[in-house]
Amino acid sequence: MTDPTRPAGGSELVWARPAPALRPLVDLYCGYRTPASAPGVHMGVPSGHLTFLLCLDGVVDVLRTPDPARSPGSHRGMVGGLHDRPAVIGTGPAQTGLQLRLTWLGARTLLGTPASALAGDVVGLGELLGRRAEILVERLAEAPTWASRFALLDAALTRLAADARRPDPHPEVARAWARLTETGGTLRIEELAREIGWSRRHLALRFRDEVGLAPKTAARVIRFERACDLLRRPARPALADAAAVCGYADQAHLARDFRELAGLTATAWLAERPDG
């Protein structure tokens with residue numbers, strides 16, 4: 001999922017990169033603060049990262065998980081797995097928190113579970129980290145600045161990584177994911193399988209067992225995330241230009257992905273982000 005908040009109308013967003021040693025596990029930190037608004041919903045759209053979210057005041061209300069077979073819930077700390085359908089998040093109360101872009105490898109290393117175990121679901125952080133999750137949220141809430149919160153995150157995640165005693169994922173799966181991200185999700189799966197040296201079927205089975213998505217679906221959400229990131233920039237391109245840059249056949253192709261992956265039109269998604 002991306003953007004649990006609506007970064008406009010008085011909202012605050014502060015971005016930071018994790019410590020270099022953590023970057024294979026966590027791609028980005030985002031501190032956010034949103035004012036109170038009328039009750040509504042926000043669509044948590046698919047991406048190539050898991051969402052690791054820490055709410056410093058109140059809770060995040062997950063009204064519907066991407067997999068309808070999984071249960072909704074309210075969480076102060078949570079992890080949303082990889083998915084290809086939106087999560088529905090309740091909005092309204094003012095909220096301050098931190099959102100981390102967690103890699104599939106970070107799920108295994110920091111949370112002790114393969115990303116596949118979280119796919120399509122939203123899980124309370126306490127179920128994964130126990131009492132450590134509550135302590136982390138409390139300490140982050142007490143920190144006076146975003147910089148001090150990011151430093152606390154660096155220290156806490158570095159300790160989790162140091163404590164990890166988990167087997168490494170299959171190297172061919174890691175290589176397959178790397179190739180999909182390097183190519184922005186545009187590499188054909190037949191070509192990917194040839195590069196890895198596996199049959200397409202064997203690649204699909206191994207990949208899904210580790211990541212939770214089939215390679216073709218993973219490529220789709222990686223490409224979609226790239227388009228969303230491009231459209232979030234202050235110098236926002238036209239939809240047709242973003243589609244061309246990200247490897248879509250045309251603007252209509254990108255529009256279809258917004259409807260199917262995000263559950264809303266590109267225009268509606270952009271309306272939540274008038275400031276880029």
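The values are calculated or read from the model by the stated rules, or taken from the named source; none is laboratory data. Keep in mind the model is a prediction, meaning the values are calculated, not measured. Positions of Cβ are generated from backbone atoms using ideal geometry, with glycine treated the same way; all protein chains shown enter the neighbour counts. All accessible areas refer to the heavy atoms of the entire protein, side chains included, with ligands and DNA or RNA removed. Shrake-Rupley method; radii C 1.70, N 1.55, O 1.52, S 1.80 Å.
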Qualifying positions in segment 47-80 - in contact with a Ser or Thr (Cβ under 8 Å, 6 or more places away or on another chain), part of a loop (DSSP other than H, G, I, E, B) and surrounded by 22 or more Cβ atoms within 10 Å (Cβ to Cβ) | 47, 48, 49, 65
From 231, 254, 270, 261, which residue is among the hydrophobic types (A, V, I, L, M, F, W, C), in contact (Cβ under 8 Å) with a residue 24 or more places away in the chain and in contact with a Gly (Cβ under 9 Å, 6 or more places away or on another chain)?
-> 231
Residue 210 being assigned to a helix (DSSP H, G or I) and under 18 Å from the mean Cα position of the chain (by Cα) | yes
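Out of the residues in segment 169-209 meeting the condition of being aromatic (Phe, Trp, Tyr) and within 25 Å of residue 112 (Cα to Cα), tell me which one is least open to solvent (accessible area, probe 1.4 Å). Step through it out loud before you land on a result.
Kept after step one, since they are aromatic (Phe, Trp, Tyr), are these residues of segment 169-209: 177, 198, 207.
Still in the running and within 25 Å of residue 112 (Cα to Cα): 177, 207.
Working: 177: 24, 207: 0 Å².
The qualifying residue least open to solvent (accessible area, probe 1.4 Å) is 207.
Every residue, every condition in (1) modelled with pLDDT of 95 or more; (2) farther than 15 Å from residue 42 by Cα; (3) buried (at least 20 other Cβ atoms within 10 Å of the Cβ), yes or no:
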| site | (1), (2), (3) |
| --- | --- |
| 228 | yes, yes, yes |
| 232 | no, yes, no |
| 244 | yes, yes, no |
| 269 | no, no, no |
Those residues of segment 18-46 that are touching a Ser or Thr at 6+ places or on another chain (Cβ under 6 Å) and farther than 26 Å from residue 217 by Cα come to a total of 4
Inspect segment 7-16 for any residue being open to solvent by less than 10 Å² (accessible area, probe 1.4 Å), at pLDDT 95 or above and closer than 19 Å to residue 233 by Cβ and give the result as yes or no.
-> no
Check segment 151-174 and report whether any residue there is over 21 Å from residue 29 (Cα atoms), part of a helix (DSSP H, G or I), touching a helix residue (DSSP H, G or I) at 6+ places or on another chain (Cβ under 9 Å) and β-branched (Val, Ile, Thr).
-> yes
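Can residue 101 be described as open to solvent by less than 50 Å² (accessible area, probe 1.4 Å), of a type in the set (Lys, Arg) and modelled with pLDDT of 95 or more? So that I can check it myself, show each step before the final result.
Numbers: open to solvent by less than 50 Å² (accessible area, probe 1.4 Å): yes; of a type in the set (Lys, Arg): yes; modelled with pLDDT of 95 or more: yes.
Taking the combined requirement at face value, the residue satisfies it.
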Do we have any residue at all in segment 231-251 that's among the aliphatic types (A, V, I, L, M), under 18 Å from the mean Cα position of the chain (by Cα) and either part of a helix (DSSP H, G or I) or over 30 Å from residue 169 (Cα atoms) (or both)?
-> yes
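Which of the residues belonging to segment 251-267 are more than 19 Å from residue 86 (Cβ to Cβ) and either open to solvent by less than 80 Å² (accessible area, probe 1.4 Å) or among the hydrophobic types (A, V, I, L, M, F, W, C) (or both)?
252
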